[in-house]
Amino acid sequence: VWITGTKVGAQSTLTGDWTANVSKEKDKINLNMESRSDKGGRHQMGHDYDFSDFQGLSREQALNGGPVSFSLVREAGRIDLEGSFQNGKGSGTFRFTPNAGFISAMKSRGFDFEQDNGERHAEDRLFVATALNITTALADDLNSADFGKLGVEDLFKAAIFKIDSKFMREMKASGFDNLGMEELVKARIFKIDAKFVTEATQMGFDKEPFESLVKMRIFKVTPEF
């Protein structure tokens, strides 16, 4: 689970272990990181990356094996990783350095990384933001959709499920009321686009909860049916 702690400062330290596997898909690698805070808490997350996302690591290095030292540098901070690879599988340790300036930049856009909500603390959020490549450009894009008040967790969901202002506007214009970020996430998971929502609305399902559209997708209920 995520832990709470002190605010991000010069002495903040977040380290951990990593494992990786080179994907069969060209130029992709799956990286899993388990963080350890100076308070003893742990959290694990995995993500697929392009090799071009890293400084100092290539597909050839990972496949050929040997010691490695590489970095993931993002707007929210940087993750420096050391270890070794053998037969396309790697492991080692990492250290996370947050970018404190990112906090004020995001706060001016309505996203408070330091807000204490009892789930994740600022350094944890910055670590996730770095791993997922949360940017001020993403925050500006989501805010431009005028989709109501969004929080830091909504940024993470948008990055994971590839939700942008274009998708938000299309869904909002489809005629289905009271759509929030949770509904947009489900829409991405179950491949519900604006065209499908419009068809469902025209069939009289606009007064139904959004879960009805999810069920229609799961059970392949088409307009023809």
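The values are calculated or read from the model by the stated rules, or taken from the named source; none is laboratory data. Fair warning: this is a prediction, and the values are worked out from it, not measured in the lab. Neighbour counts are summed over all protein chains in view; Cβ atoms, including those assigned to glycine, are modelled from backbone coordinates with ideal geometry. Ligands, DNA and RNA are excluded from the accessible area calculation, which covers all protein heavy atoms including side chains. Shrake-Rupley method; radii C 1.70, N 1.55, O 1.52, S 1.80 Å.
Overview of values
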read-out: Percentage relative contact order, the chain, counting C-alpha pairs under 8 Å, at least six apart; value: 14 percent
read-out: Percent of alpha-carbon pairs separated by more than 18 Å within the range 149-225; value: 36 percent
read-out: Theoretical gain in end-to-end length, Met203 to Arg109 [0.36 nm per residue, Cα-Cα removed]; value: 30.0 nm
read-out: Note, ³J(HN,Hα) from phi for the range 94-110, Karplus 6.51, -1.76, 1.60, rounded to Hz, x at Gly and Pro; value: 9, 10, 9, 10, x, 9, 4, x, 5, 4, 5, 5, 6, 5, 5, 9, x
read-out: Amide H contacts under 5 Å for Gly16, placed H, 5+ residues apart; value: Arg36, Phe94
read-out: Solvent exposure of the range 84-225 as accessible area per residue, Å², 1.4 Å probe; value: 53 Å²
read-out: Within the accessible area of the chain (1.4 Å probe), percent carbon and sulfur; value: 48 percent
read-out: From phi via Karplus (6.51, -1.76, 1.60), per-residue ³J(HN,Hα) for the range 14-27 in Hz, x at Gly/Pro; value: 9, 10, x, 10, 10, 9, 8, 9, 6, 6, 5, 6, 4, 6
read-out: Cα-derived Rg over Rh, computed across the range 55-139 with Rh taken as Kirkwood radius; value: 1.10
read-out: Positive dipole terminus of the chain, leading residue within Phe96, Phe54, Ser108 (C-beta point charges); value: Phe54
read-out: For the chain, alpha-carbon Rg and Dmax in angstrom; value: 20.3, 62
read-out: Per-residue HN-Hα couplings for the range 75-91 [Karplus 6.51, -1.76, 1.60; θ = phi - 60°; Hz; x = Gly/Pro]; value: 5, 7, x, 9, 10, 9, 10, 9, x, 8, 10, 8, 6, x, 10, x, 7
